[in-house]
Amino acid sequence: MTGKGRELADMMERRKVDILCVQETRWKGSKARSIGAGFKLFYYGVDSKRNGVGLVLKEEFVRNVLEVKRVSDRVMSLKLEIEGVMLNVVSGYAPQVSCELEEKERFWSELDEVIESIPTGERVVIGADFNGHVGEGNTGDEEVMGKFGVKERNLEGQMVVDFAKRMDMAVVNTYFQKREEHRVTRSTQVDYILCRRGNLKEISDCKVLVEESVARQHRMVVCR
């Protein structure tokens, strides 16, 4: 998404999105910068040709940021206090299917450590390109996902479900019945939003914005 900052900010303003997790940013460094339209990007990357993660925040909420954790070019998080509520937003970018198992395990270990470090009374939202398919239906996995996934589960999707079970989280996308075009972010469903199971009832909707696309292969997933 190099060079797409202002386009992204305009889209967030138009769609009234306050916080956005972004992946495959390909921006090298560990910084925060304004991207226009009243939004600020916190990002981390080690290579200008691959990976990189970030979080875009409406500038009026920047003063609410208590902590920024840049774990790797695949995992980072922000902790904010908003109206007395502690909110942790995590951006993740899982290795692609073709990557080595060691790289995949390293990603999940990093994500585990971030979530385990957050006190149980605080809100957690993960927005990630997990490069996996959790699949349609939820038989045997009712505690962490709904019935409205897409297609068949693969190994990488099983890793998402296993993570949700370990961390007592819910795969939010799968709880909302939508037309397939509002569930698929490219040719299938690989981008997911997760939250703690106890806070799932606070989310009223989750869908793909069909008309909006900044990255060539992905469309924005929003929840409210």
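Nothing in this text is a laboratory measurement; each read-out follows from the coordinates by a stated rule. The structure displayed is predicted, hence computed values, not measured ones. All Cβ positions, even for glycine, are placed from backbone atoms using ideal geometry, and neighbour counts span all protein chains on display.
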With a 4.7 Å Cβ cut-off, tell me which Cys residues in the chain come up empty for a partner. Cys21, Cys99, Cys195
For Val85, net neighbour charge (Lys/Arg +1, Asp/Glu -1) across residues whose Cβ lies under 14 Å away: -2
How much net charge surrounds Phe148 when only other residues with a Cβ under 10 Å from its Cβ are counted (Lys, Arg +1; Asp, Glu -1)? +1
³J(HN,Hα) across the range 70-86 via Karplus (A = 6.51, B = -1.76, C = 1.60, θ = phi - 60°), whole Hz, x for Gly/Pro? 9, 6, 6, 7, 10, 9, 8, 8, 10, 10, 10, 10, 10, 6, x, 9, 7
For the range 1-132, what's the relative contact order in percent, using C-alpha pairs closer than 8 Å and at least 6 residues apart? 20 percent
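Give me the compactness ratio for the range 32-152, meaning the Cα radius of gyration over 2.2 N^0.38 Å.
1.18
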Along the range 153-165, Karplus-curve 3J(HN,Hα) (6.51, -1.76, 1.60; θ = phi - 60°) to the nearest Hz, with x for Gly and Pro, reads 6, 10, 4, 5, x, 4, 5, 5, 5, 4, 4, 4, 5
How high is the relative contact order of the chain? Use alpha-carbon pairs under 8 Å, at least six apart in sequence, and give a whole percent. 14 percent
Rounded to whole Å, √(5λ) for the Cα gyration tensor eigenvalues of the chain, largest first, gives 24, 19, 19
